[in-house]
Amino acid sequence: MADYRLYAFGESGNSYKAALMLALTGSDWERVPVDYFNGQTRTAGFRETVNEMGEAPVLLHKGRTLTQSGVILDYLAAETGQFGPRDEDERREILRWILFDNHKFTSYYATLRFLVGLQKSGESPVTAFLRGRAAGAFAIVDKHLAGRDFMVGGRPTIADISLAGYIFFDEETGMALADYPHILAWRARIAALPGWKPPYDLVPPALPARH
Ligand SMILES: N[C@@H](CCC(=O)N[C@@H](CS)C(=O)NCC(=O)O)C(=O)O
C-alpha cells in the first residue's frame with residue numbers, strides 16, 4: 001500500500017490541490033475513488049467513516065484522517081519539508097491566501113464551473129452573480145502577482161498550489177484567463193515545476209464525457 005491514500009475524483013479541483021502537492025513533492029500515493037456524481041459524499045456511510053463534512057479530498061496517512069485541502073497542504077508541507085513557510089511571517093501570509101482562496105477565489109469560481117461547465121445549467125442570475133464574484137477574486141490575485149513570480153516569498157508554496165487548483169481545468173465558465181495576464185503567466189510557471197501534471201492525468205475524471 002502507498003504511504004498516502006487520497007480520496008479524490010477527477011473533476012474536483014480541491015482534490016487536484018492535494019494530488020498536485022503529492023505529485024510535486026514526489027510522494028508515494030494512491031487514489032481512493034469517490035463516486036461524487038452518484039452521491040457517495042452525501043451518504044451516511046461516507047460521512048460516518050470518511051469525512052463528516054461530506055467532501056473530497058480526504059488524505060489518509062499514518063493513521064490520521066485529514067480533510068480540507070488547506071489542512072492537507074499544510075500537513076504535506078510539514079511532512080515533506082517542501083512548499084511550506086520559512087518563518088512565522090510567511091506561515092501567516094500563506095494562511096491568509098489559503099483562506100482567501102477557500103472563501104472567494106476557489107469558492108465562487110468552482111461553483112460557477114460546476115453549474116456552467118459540468119451541469120450545463122445555462123445562464124441565470126445565480127451564474128451571473130458567481131461570475132461577478134469570481135472575477136473580483138481573480139482581479140485581486142492578478143494584481144498581487146504583478147511583479148511577483150509566486151504568491152508568497154518569491155518561490156512556489158502551498159498558497160500557489162491551493163489557488164491554482166481550478167485554473168488548469170478547461171471546462172467552459174464564461175471567464176477567460178486571458179483577461180488576467182499575471183495569473184496566466186503564473187499558471188505557466190506552476191506548470192513548469194518538476195513533477196507537475198494536469199488535473200485529469202493525476203486523478204481520472206468520473207464523468208463519462210471525459211473518458
Ligand atoms: N474547502 C474544502 C472544499 C471541499 C469541497 O467542496 N469538495 C467538493 C468537491 S470539489 C465536494 O466533495 N463536495 C461534496 C458535496 O458538496 O456534496 C476543501 O478545500 O477541501
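The values are calculated or read from the model by the stated rules, or taken from the named source; none is laboratory data. Source: prediction; values computed, not measured. For neighbour counting, all protein chains shown are included, and Cβ atoms are generated from backbone atoms with ideal geometry for every residue, glycine included. Side chains are part of the model used for accessible areas, which takes the heavy atoms of the whole protein and leaves out ligands, DNA and RNA. Shrake-Rupley method; radii C 1.70, N 1.55, O 1.52, S 1.80 Å.
In segment 1-55, which residue that is outside any helix (DSSP H, G or I), modelled with pLDDT of 95 or more and among the aliphatic types (A, V, I, L, M) is farthest from ALA110 (Cα to Cα)?
As a first pass, look at segment 1-55 and keep what is outside any helix (DSSP H, G or I): 1-12, 25-35, 39, 43, 50-55.
Those still in the list that are modelled with pLDDT of 95 or more too: 2-12, 25-35, 39, 43, 50-55.
Within this subset, residues satisfying the condition of being among the aliphatic types (A, V, I, L, M) are 2, 6, 8, 32, 34, 50, 53.
Details: ALA2: 29, LEU6: 20, ALA8: 16, VAL32: 22, VAL34: 18, VAL50: 23, MET53: 18 Å.
Here the residue is ALA2.
Out of segment 1-10, which residues are open to solvent by 10 Å² or more (accessible area, probe 1.4 Å) and either more than 12 Å from the ligand (Cβ to nearest atom) or out of contact with any strand residue (DSSP E or B) (no Cβ under 6 Å at 6 or more places or on another chain) (or both)?
Scanning segment 1-10 gives MET1, ALA2, ASP3, TYR4, ARG5, PHE9.
Applying the selection to segment 55-76, what residues are open to solvent by less than 10 Å² (accessible area, probe 1.4 Å) and in contact with a Ser or Thr (Cβ under 9 Å, 6 or more places away or on another chain)?
The first filter runs over segment 55-76 and keeps only residues open to solvent by less than 10 Å² (accessible area, probe 1.4 Å), leaving 57-59, 69, 72-73, 76.
Within segment 55-76, PRO57, VAL58, LEU59, SER69, LEU73, LEU76 qualify.
Being within 30 Å of ALA128 (Cα to Cα), open to solvent by 70 Å² or more (accessible area, probe 1.4 Å) and not aromatic (Phe, Trp, Tyr) narrows it down to one residue among ARG31, ARG96; which is it? Write out each step before concluding.
Details: ARG31 fails: within 30 Å of ALA128 (Cα to Cα).
Answer to the selection: ARG96.
Against the definition (open to solvent by less than 70 Å² (accessible area, probe 1.4 Å) and closer than 26 Å to GLY26 by Cα), how does GLY117 come out, yes or no?
Values: open to solvent by less than 70 Å² (accessible area, probe 1.4 Å): yes; closer than 26 Å to GLY26 by Cα: no.
Considered against the rule, which asks whether it is open to solvent by less than 70 Å² (accessible area, probe 1.4 Å) and closer than 26 Å to GLY26 by Cα, GLY117 comes out as no.
For every residue, the table says whether it meets (1) on the phi > 0 side of the Ramachandran plot; (2) within 15 Å of the ligand (Cβ to nearest atom); (3) more than 14 Å from the chain's Cα centre (by Cα); (4) not assigned by TED's automatic domain parsing to the domain that holds ALA135.
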| site | (1), (2), (3), (4) |
| --- | --- |
| SER12 | no, yes, no, yes |
| LYS17 | no, yes, no, yes |
| ASP28 | no, no, yes, yes |
| GLY39 | yes, yes, yes, yes |
| ARG47 | no, yes, yes, yes |
| MET53 | no, yes, yes, yes |
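Yes or no: segment 145-157 includes at least one residue that is within 16 Å of the ligand (Cβ to nearest atom), open to solvent by 30 Å² or more (accessible area, probe 1.4 Å) and more than 15 Å from the chain's Cα centre (by Cα).
Keep residues of segment 145-157 that are within 16 Å of the ligand (Cβ to nearest atom), which gives none.
No; the residues of segment 145-157 include none that is within 16 Å of the ligand (Cβ to nearest atom), open to solvent by 30 Å² or more (accessible area, probe 1.4 Å) and more than 15 Å from the chain's Cα centre (by Cα).
Which number in (1) surrounded by 15 or more Cβ atoms within 10 Å (Cβ to Cβ); (2) free of Cβ contacts under 8 Å to residues at least 24 places away in the same chain; (3) in contact with a Ser or Thr (Cβ under 9 Å, 6 or more places away or on another chain) marks the one condition that ALA110 misses?
Unmet condition: (2).
Does PHE83 satisfy the criteria of being among the hydrophobic types (A, V, I, L, M, F, W, C) and on the phi > 0 side of the Ramachandran plot?
Values: among the hydrophobic types (A, V, I, L, M, F, W, C): yes; on the phi > 0 side of the Ramachandran plot: yes.
In short, yes.
Given the criteria assigned by TED's automatic domain parsing to the domain that holds ASN14 and either more than 13 Å from the ligand (Cβ to nearest atom) or outside any helix (DSSP H, G or I) (or both), does ALA78 qualify? If you could, list the steps in order and put the result at the bottom.
Working: assigned by TED's automatic domain parsing to the domain that holds ASN14: yes; either more than 13 Å from the ligand (Cβ to nearest atom) or outside any helix (DSSP H, G or I) (or both): yes.
Taking the combined requirement at face value, the residue satisfies it.
Quick grid of which residues meet (1) among the basic types (Lys, Arg); (2) modelled with pLDDT under 95; (3) farther than 20 Å from LEU112 by Cα; (4) surrounded by 15 or more Cβ atoms within 10 Å (Cβ to Cβ):
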| position | (1), (2), (3), (4) |
| --- | --- |
| GLY165 | no, no, no, yes |
| GLY174 | no, no, no, yes |
| TRP186 | no, no, yes, yes |
| ALA191 | no, no, yes, no |
| PRO194 | no, no, yes, no |
| LEU202 | no, no, yes, yes |
| ALA206 | no, yes, no, yes |
